[in-house]
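K.L.:
Below is a structure I'd like to ask you about.
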Amino acid sequence: MNRLFRDPLGAPLCPDGSVVCIGAFDGLHLGHRALVDRAVARARALGVPALALTFEPLPREFFAPAARPPRLMLPRAKAEGLWALGCDAVGLLRFDAALAAMPAAAFVHGVLAARLRAREVWVGPEFRFGRGRAGDLALLQALGAELGFGAHAIAPVELDGARVSSTRIRAALADGAFAQAARLLGRPYAIAGRVVRGRQLGRDLGYPTANLRFGGKQPALRGIYATWVHGVGTTPWPAVASFGTRPTVDGVEPLLEAHLFDFDGDLYGRRIAVEFVARLRDEQKFPDLPALVAQMDRDAAQARALLAAAPPRRASA
């Protein structure tokens with residue numbers, strides 16, 4: 001039913017019960033997918049909706065706004081990804097002072113039992129929740145026995161002898177190791193969004209761009225990249241992209257700017273996905289615009305050559 005809800009408390013959403021999975025789900029990597037797949041399969045077996053619970057902002061963003069962790073995906077892309085994996089409803093629960101102060105037992109009673117009528121709850125390894133992160137699987141199981149639901153944790157998903165995690169993916173992206181990130185994600189890394197208007201300086205410099213904002217979040221990568229852009233034509237479109245704060249022109253907010261090679265058209269308002277293929281260089285400040293354009297020429301030539309040797313793969317929005 002592709003339902004989205006934000007409030008942790010309120011009237012029951014699933015009067016006949018549900019199967020719930022809980023996690024940050026940033027990136028929807030192989031470990032997240034294993035958790036969601038298990039919950040969806042159990043929901044289908046029980047004939048009830050499958051619900052995914054996550055938090056927005058993420059708890060780490062709420063508690064440390066000055067040192068926010070890099071995000072792999074934006075909330076809309078996360079919800080769409082969870083729906084695509086079979087979830088019937090997604091709870092992007094507002095993580096605010098009230099939710100941060102909610103004791104673990106109150107979360108179980110008020111959210112899982114009363115609002116969602118959970119029949120089963122599935123979590124990842126080492127899951128913690130509630131005020132002070134006092135809740136764990138053992139508490140879920142103990143309270144579930146009283147309230148009529150079962151609680152279970154999936155086994156860790158490992159790749160190359162280590163657990164698949166968002167932390168590993170962020171490190172791979174920072175290193176420009178996109179093939180490794182794709183293995184951990186189960187798909188190429190891409191950022192999706194709706195094209196917005198920028199300052200149009202790129203057009204004046206001969207490099208018009210399709211611009212995506214990152215919702216005020218901290219991105220997991222910055223620099224200049226060879227990319228494929230999905231959602232423009234019947235096949236992915238080759239492009240060179242910059243993701244950063246544009247120091248030469250005094251930018252502030254992180255902005256993803258993709259210059260599509262040999263493209264002539266209006267993309268404003270179009271939803272696209274930018275798949276990252278190779279890292280070309282760091283973002284840097286140039287002494288003047290001619291120096292910037294000369295470097296952009298070199299970046300474009302390098303990106304064209306790399307993409308000619310790297311046919312596009314399927315990317316997720």
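K.L.:
Regarding Leu82, is this residue of a type outside the set (Lys, Arg), in a helix (DSSP H, G or I) and in contact with a Pro (Cβ under 7 Å, 6 or more places away or on another chain)?
P.N.:
no
K.L.:
Name the pairs: first residue in the range 171-200 and assigned by TED's automatic domain parsing to the domain that holds Arg71 and closer than 25 Å to Tyr268 by Cβ, second residue in a helix (DSSP H, G or I) and at pLDDT below 95, Cβ to Cβ under 7 Å, at least 6 apart or on different chains?
P.N.:
Qualifying pairs under 7 Å: none.
K.L.:
Conditions: (1) within 20 Å of the chain's Cα centre (by Cα); (2) touching a residue at least 24 places away in the same chain (Cβ under 8 Å); (3) surrounded by fewer than 19 Cβ atoms within 10 Å (Cβ to Cβ). Val164 meets all but one. Number of the miss?
P.N.:
With (1) within 20 Å of the chain's Cα centre (by Cα); (2) touching a residue at least 24 places away in the same chain (Cβ under 8 Å); (3) surrounded by fewer than 19 Cβ atoms within 10 Å (Cβ to Cβ) applied to Val164, the lone miss is (3).
K.L.:
Let me ask another. Just checking, how many residues over the range 110-127 are at pLDDT 95 or above and surrounded by fewer than 15 Cβ atoms within 10 Å (Cβ to Cβ)?
P.N.:
0
K.L.:
Here's something else I'd like to know. Determine whether the range 46-56 contains at least one residue that is of a type in the set (A, V, I, L, M, F, W, C), more than 22 Å from Ile191 (Cα to Cα) and part of a helix (DSSP H, G or I).
P.N.:
Yes, because at least one residue in the range 46-56 is of a type in the set (A, V, I, L, M, F, W, C), more than 22 Å from Ile191 (Cα to Cα) and part of a helix (DSSP H, G or I).
K.L.:
Now for a different question. Quick one: would you say Ala34 is under 14 Å from Leu116 (Cβ atoms) and either outside the structural domain of Glu120 (by TED's automatic domain parsing) or surrounded by 15 or more Cβ atoms within 10 Å (Cβ to Cβ) (or both)?
P.N.:
The answer is no for Ala34.
K.L.:
Looking only at the range 64-108, which residues are surrounded by fewer than 16 Cβ atoms within 10 Å (Cβ to Cβ), of a type outside the set (A, V, I, L, M) and modelled with pLDDT of 90 or more?
P.N.:
Matches in the range 64-108: Gly86, Arg94, Asp96, Pro103.
K.L.:
Looking only at residues that are acidic (Asp, Glu) and free of Cβ contacts under 8 Å to residues at least 60 places away in the same chain in the range 270-313, which one is farthest from Glu257 (Cα to Cα)?
P.N.:
So the residue we want is Asp288.
K.L.:
Being assigned to a loop (DSSP other than H, G, I, E, B) and more than 14 Å from the chain's Cα centre (by Cα) is the filter here, so list the residues in the range 172-188 that pass it.
P.N.:
Asp175, Gly176, Ala177
K.L.:
Could you give me the residue pairs with C-beta distances under 6 Å whose first residue belongs to the range 220-235 and is under 13 Å from Leu307 (Cβ atoms), whose second residue is modelled with pLDDT of 90 or more and not in a strand (DSSP E or B) wherever it lies, and which are 6+ apart or on separate chains?
P.N.:
Between residues of the range 220-235 that are under 13 Å from Leu307 (Cβ atoms) and residues that are modelled with pLDDT of 90 or more and not in a strand (DSSP E or B), the close pairs are Ala226/Ala303; Ala226/Leu306; Ala226/Leu307; Trp228/Pro236.
K.L.:
Given the structure, is Ala315 more than 18 Å from Phe214 (Cβ to Cβ), in a loop (DSSP other than H, G, I, E, B), hydrophobic (A, V, I, L, M, F, W, C) and modelled with pLDDT under 85?
P.N.:
So Ala315 does not fit the description; no.
K.L.:
Against the condition of a type outside the set (S, T, N, Q) and touching a helix residue (DSSP H, G or I) at 6+ places or on another chain (Cβ under 9 Å), how does Gly161 come out, does it pass?
P.N.:
When the stated conditions are applied, Gly161 does not pass them.
The values are calculated or read from the model by the stated rules, or taken from the named source; none is laboratory data. Computed from a predicted model, the values in this text were never measured in an experiment. Glycine gets a Cβ as well: all are built from the backbone with ideal geometry, and neighbour counts include every protein chain shown.
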